[in-house]
Every structure is written in C-alpha cells, then in structure tokens.
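Everything on this sheet refers to the single structure shown next.
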Amino acid sequence: MGDTPPRSVDASAGGPGAHSTRAAGAAASSDGPTDNNGRGGGSSLPRAKAFGAEPAFRGLTQASGIMVLVIIVAIAVFLISEAIPALRANQENFFTFNEWHAQSSDPRFGIAAIVFGTVLSAVIALVVAVPIALGIALFLSHYAHRRIATWLGFVIDLLAAVPSVVFGLWGRSVFIEPVRDFSVWLNHYFSWIPLFGGNGPFGNSILLGSLVLAIMVLPIVTSLSREVFMQTPKQNEEAALALGATKWEMVRTAVLPYGRPGVIAAVMLGLGRALGETIALAMTLGSSFIITANVIQNGGVTIASNIANGFGEADDIGRGALIASGLVLFTITLVVNMIARVIIYRRREFTDVAA
Amino acid sequence: MAKRVEATNVNAYYGSFKAIEDVNIVVEPKTVTALIGPSGCGKSTFLRSINRMHEVLPNARVEGTLTLDQENIYDKHVDVTAVRRLIGMVFQRPNPFPTMSIFDNVVAGLKLNGVNKKAVLQEAAEKSLRSANLWDEVKDRLDKPGAGLSGGQQQRLCIARTIAVEPQVVLMDEPCSALDPISTLAIEDLIFKLKDRFTIIIVTHNMQQAARVSDRTAFFSIERTGDPGRLIEYDDTQKIFSNPSVKKTEDYITGRFG
C-alpha cells in the first residue's frame, strides 16, 4: 500500500492539509512522493481527482442541458414579443373568429377555423393510420418470416425518409384522382351523413390532406410499435403459449399489454407529426376558413399550412398574427404530450416492475 | 385428473442438430418423475417436447410418438393448444404477466378458455392459490401486480396459474433454480402436495431435490458435445440414488462426472 501510484497525487485540491496550495498545479504534475500529510495522517488511500476527465465531462453534459433550456426560453421570448403587437391590433376575438385578414390596416383574424382544421385532419389521419400501423408492426414482429420482416421493415423506413414536399406533390397531382372518385362515391351514397354531404367540388379536401398525412404518420407509428412488440420478454410469450393460447391470444395476453405504453408514445409522436405537418397540407388542402364537418368538399386549412401559405406576403402585423397561431399549435402539441404522459403514468405501478 | 405419459423413440431437433435421440419412457399418473443429467443433455428439450413447446422455437421439430393415455399428442389432427391446456408448464424463471394483477395472472388461462363469469373466476383463483400455498400471502392484494411479489411467490403464482386450468400433467423446468433455499423448500412441499392430483415431471440440476421430491428418476447424458442426449437410466428414485445399474449414472450421482 505504500507505493501509491503517482496519479493519486494530483488529488489534493481542496483537500485538507499543508499542501493545499499546490492543488491548482497538481493536476498536470506527477512529481513527488505520496502526499501523506493530509488530515488522515498516514492514510495512503488514493485521493479523488479535482481536475480530470470526470468533472470535465460532467461540466460538458451540464452545459448541454442548460443550453436546451436557454434556447427554448429564447425562442419563447422572441415568439411572444413578436405576437403581442399583432394580438393587440386585432379587431376580432383571436380565439373565436374564424377568418384570417391579418394586415396592418384593420387586422381581423382568429384561430377558430385553423385550429379546427388542424385537429380534424390530424385525428382523421391517426384514425386511418394507427390500426394499419399496428397491424403491420405485429405482422413484422410476430408473424412474418424473418427475411420478409427485414425487407418490409426496410421499405417502411424508406417511406419515412420521403420528404414531405414530395408527399405534397404526389398528393395534389396523383393521389387526388382516386380520392376525388372516392369522395364522389361517398357523396352519392352517404350524403345524408354530414361528413360526406355538399355539392362539390371535391378533391382538395380535408380527406385528401388527412390521407396523405396518414401515409406520412404510418412509418413512425409502425417502426416504434414494432420495436416495443419485439421487446416482449420471450418468457411471457411462452407462458401464454404454455397455457394453451393460440398465437393471436398470445399476442393479446402478452405482447399488446406489454407494448401498450410504447404504442401510446408512438401514437403521440405520430400525432405530433400530423399536427405540425406543413407543406404537404399546404399543397393538398383547398384553403378555406369555413368550419364544417364536411371532409370531402374542397377546403380545409391548418395552422401550419396557413403559416406556410401566408408568411411570404405578410407584413409585420400579419407575421405577428401567424406567429401567435404558431404558439397556439405549440400549446396544442404540449397538451397532447402531457395527456400521453398521464396515460402512460397511470399504470406505472404495472409497467415499472415489468422493466 | 392425471394421465399417463408415454414416449416412444422420441427424437428432437434444432434445425439439423439432433438434441435428443430415441427416448423411451413411461410416466405413471400421480407420480413425480425427475429428469436429471449434465447441462446440454437434452432433458429440458425432452420436457418441452411433452407439451409441444419445443416446436415454438424456429426450426425446432420432434419425431417419434408421445402419448397421453394412448392418444398421440403429435397426431396431425390434434389441436396443439388443447395439448398445452392438458399439459401445463412451469418455467425456470418465474414469468408472471408483468401488466396483470395477481388475480388476472391466476385466471389468465381460464380467460383464454373463454371462462368469463366473475364468480367462477374468483372461486378458481382462490382454489388455485390455496393449492399453490400462496393464498394467505396474497389474499389481501389480489389486484396488485403479480410481478411485485418475491421470486418464490412469483413462482408459486406461476404454479397457481398453471394448475388453474386443471391440466392432467404439470411439467416443471428447473422451477427452483432461480430461488433461495426457503422458497425452494416451499415449492418442494407444494410438489409433494400436487402429486395427489397431477402427473408431475420435473427437470432439476439439484440431485438432493430429485431425491427428495421424486418417485422415479430418469438420467440423461451425452457422450460428448455435439452428440444427441440419450436416456441412460430410468428407475425408482431410491434405486437410482442407492444402487444404479449403469456405471455412468453412478459416476454422475457421486459427482465423478458432469
């Protein structure tokens, strides 16, 4: 124990004892015999390092953490300061008015229509995408042959890599045709349901936008759900099978309950993408500020598409108004995420011990 | 309530690897049979082929005949889920369903069989938990997660889950290897008690355990790594541990091999 390695000598920073003054320089030096003059008198235990990789790394991670906070606060301050003048100038109620005339003279704008369009298109997109995504995820994780699963998984990931502007172009010039035909058919047979009423024109509708959104959300929900399904402990699957479960019963007893929090998280991420998606919707929606349950007539607008369409031509007030609507979108997303957390945490007692 | 298990020329494979070869064994109803042998000798593989869990693994298959009271469970017209309901299994590591409460764990098998009446489920849960010597410890917290129990309690919960569906045979794959001595003793007492109702086949690495709980013992072994495991000797437990007829068995039991 007497021959303590030299590196322990660098350790006396802040340490008790006569030699504390050399602490600052000690980090680099490896001179001298073991410093045994500390209060511990005679103890030869290595001292903790004051300046080393450990504290440096700690500082680095801490700084990164703080940086995130600073950036968020800076963005928030900027957005709010931009938005306030426009909101002051607004002649109408910002929350209930459903039109958007945001310019310096006589600005009248409100978020009613765009929030409605945002939520409606995102919800429809999820209603369409989530069941399909869960089906694909289960197929990939538990049914498909490994080769097919790898290949199909790759295709799904490829779908996620397609830029949204490409989806927008494809939506407005190709996908619109079948959707229009489908809308006409819906209108013909189901016009008594308010969703499918109206006299046209059809095509550039919430339905088209939502379906394009659904395709864009699909890969996110699929690959995340697949991951959690694949993490189901083998022993739980075998427990279900040994009780006489069929494959589907095994999935219901072991896989789905185990993956539930992960699926919720996946759906919420998908919802986040659907709510915030901009360019694809700006290109596919017909842009009208009418609040209606009709999803097949031309029209529809969302917060993000409204910003994309209007920002270029907006003056100061107009820009402030659009930023204000962006803040609303931010709040919606935040609330959605918080609800998701609550859902996940509610059964924490069960999921924690599972981990 | 208990049936005879008979294996004739059973071979089991993992892909092209033959894990066990020509196993012939008859297990009488309401007895405890211990399968012992060195690691990799195929005793767990054989156990898993008795309730057709072996074939769950990719590329795994079984050849030969395995009968449950004269009915071949590998007959192609037999419903594999029905086989597993008749032949329950307890695994090496306690594996209660993590998202389910104690109560839901016990009745999980019954629910899979379509039993949904609350009163029936409650009665069955209490009966199974009592049989598994667990009722007194959990009766006040049936709605708490099953995974929150201690390891020994979890394993008894898994036994309760297995016997809740009233199987004919209960297979146990080293059920105590992850447990402390006191929990092990509790499980051994339980095995002794369950013998009145079920045919029990247990894989164990613990020879004292085999000697304590079983009526008959089957010794499996392999010549060398890569060879298939074979049944070397199968006899009354007392005979195996006092006066085995095969030298290899004696070597293993006295610790000179394996």
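The values are calculated or read from the model by the stated rules, or taken from the named source; none is laboratory data. This is a predicted model, so every value here is computed, not measured. Neighbour counts are summed over all protein chains in view; Cβ atoms, including those assigned to glycine, are modelled from backbone coordinates with ideal geometry. All accessible areas refer to the heavy atoms of the entire protein, side chains included, with ligands and DNA or RNA removed. Shrake-Rupley method; radii C 1.70, N 1.55, O 1.52, S 1.80 Å.
Residue-wise test of (1) touching a helix residue (DSSP H, G or I) at 6+ places or on another chain (Cβ under 7 Å); (2) more than 27 Å from residue B:184 (Cα to Cα).
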residue	(1), (2)
B:7	no, yes
B:58	no, yes
B:85	no, no
B:89	yes, no
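Where strands (runs of 3 or more DSSP E) fall wholly inside the range B:1-105, the ranges with 3 or more residues that are away from chain A (no Cβ under 14 Å), touching a residue at least 60 places away in the same chain (Cβ under 8 Å) and within 15 Å of the chain's Cα centre (by Cα) are B:32-36. When the residues of the range B:174-208 are filtered to those that are assigned to a helix (DSSP H, G or I) and of a type in the set (Asp, Glu), the one that is nearest to the chain's Cα centre (by Cα) is B:188. In the range A:131-144 there is at least one residue matching the filter, namely being polar (S, T, N, Q) and touching a helix residue (DSSP H, G or I) at 6+ places or on another chain (Cβ under 8 Å).
Taken as a whole, the condition of being away from chain B (no Cβ under 14 Å) and either open to solvent by less than 20 Å² (accessible area, probe 1.4 Å) or of a type outside the set (Phe, Trp, Tyr) (or both) applies to residue A:219. Residues in the range A:288-298 that are surrounded by fewer than 18 Cβ atoms within 10 Å (Cβ to Cβ) and within 16 Å of residue A:122 (Cα to Cα): A:291, A:293. Within the range B:1-25, the residues that satisfy the criterion of being of a type in the set (A, V, I, L, M, F, W, C) and under 24 Å from residue B:205 (Cβ atoms) are B:5, B:7, B:10, B:12, B:17, B:19, B:20, B:23, B:25.
Once the range A:229-248 is narrowed to residues that are open to solvent by 20 Å² or more (accessible area, probe 1.4 Å) and in contact with a Ser or Thr (Cβ under 8 Å, 6 or more places away or on another chain), the residue that is farthest from residue B:108 (Cα to Cα) is A:230. Just to be sure before I move on: is residue A:104 open to solvent by 70 Å² or more (accessible area, probe 1.4 Å) and small (Gly, Ala, Ser) in the structure I sent? Taking the combined requirement at face value, the residue satisfies it.
Would you be able to say whether some residue in the range A:190-206 is open to solvent by less than 30 Å² (accessible area, probe 1.4 Å), over 30 Å from residue A:341 (Cβ atoms) and within 14 Å of chain B (Cβ to nearest Cβ)? Checked against the condition, which is being open to solvent by less than 30 Å² (accessible area, probe 1.4 Å), over 30 Å from residue A:341 (Cβ atoms) and within 14 Å of chain B (Cβ to nearest Cβ), the range A:190-206 yields no hits at all. For residue A:214, are the conditions met, namely being open to solvent by less than 30 Å² (accessible area, probe 1.4 Å), away from chain B (no Cβ under 14 Å) and modelled with pLDDT of 90 or more? Considered against the rule, which asks whether it is open to solvent by less than 30 Å² (accessible area, probe 1.4 Å), away from chain B (no Cβ under 14 Å) and modelled with pLDDT of 90 or more, residue A:214 comes out as yes.
Filtered by the rule that a residue be touching a strand residue (DSSP E or B) at 6+ places or on another chain (Cβ under 7 Å) and either of a type in the set (S, T, N, Q) or closer than 25 Å to residue A:275 by Cβ (or both), the range A:166-186 gives a lone residue, A:183.
Determine whether residue A:141 is crowded, with 21+ Cβ neighbours inside 10 Å and under 30 Å from residue A:232 (Cα atoms). Yes.
Here residue B:150 meets each of (1) crowded, with 17+ Cβ neighbours inside 10 Å; (2) away from chain A (no Cβ under 11 Å) with one exception, condition (1).
Suppose the filter is among the basic types (Lys, Arg), in a helix (DSSP H, G or I) and either within 14 Å of another protein chain (Cβ to nearest Cβ) or within 21 Å of residue A:240 (Cβ to Cβ) (or both); does residue B:161 pass it? Here the answer is yes, as residue B:161 does meet what is asked. Among the residues of the range B:137-146, are any within 11 Å of chain A (Cβ to nearest Cβ) and crowded, with 21+ Cβ neighbours inside 10 Å? Yes, there is a match, as at least one residue in the range B:137-146 is within 11 Å of chain A (Cβ to nearest Cβ) and crowded, with 21+ Cβ neighbours inside 10 Å. For residue B:81, the stated conditions hold: it is open to solvent by less than 20 Å² (accessible area, probe 1.4 Å) and modelled with pLDDT under 95. Pick from A:353, A:342: which is surrounded by fewer than 17 Cβ atoms within 10 Å (Cβ to Cβ), closer than 30 Å to residue B:87 by Cα and modelled with pLDDT under 85? Exactly one of A:353, A:342 is surrounded by fewer than 17 Cβ atoms within 10 Å (Cβ to Cβ), closer than 30 Å to residue B:87 by Cα and modelled with pLDDT under 85, namely A:353.
Restricting attention to the range A:161-185, the residues that are open to solvent by less than 50 Å² (accessible area, probe 1.4 Å) and over 15 Å from residue A:292 (Cβ atoms) total 8. When A:190, A:229 are checked against the criterion of being among the aromatic types (Phe, Trp, Tyr) and in contact (Cβ under 8 Å) with a residue 40 or more places away in the chain, a single residue qualifies: A:229.
Going through (1) within 22 Å of the chain's Cα centre (by Cα); (2) open to solvent by less than 30 Å² (accessible area, probe 1.4 Å) one by one, residue A:285 falls short only on (1). I want to confirm something. Restricting to the range A:235-261 and keeping residues that are small (Gly, Ala, Ser) and assigned to a helix (DSSP H, G or I), which single residue is farthest from the other protein chains (Cβ to nearest Cβ)? Only one residue fits best here, namely A:259.
Scanning the range B:67-78 for residues being in contact with a Lys or Arg (Cβ under 6 Å, 6 or more places away or on another chain) and open to solvent by less than 20 Å² (accessible area, probe 1.4 Å) gives a total of 1. From the list B:108, B:125, the lone residue that is under 24 Å from residue A:246 (Cβ atoms), over 20 Å from the mean Cα position of the chain (by Cα), open to solvent by less than 10 Å² (accessible area, probe 1.4 Å) and without any contact (Cβ under 8 Å) to a residue 60 or more places away in the chain is B:125.
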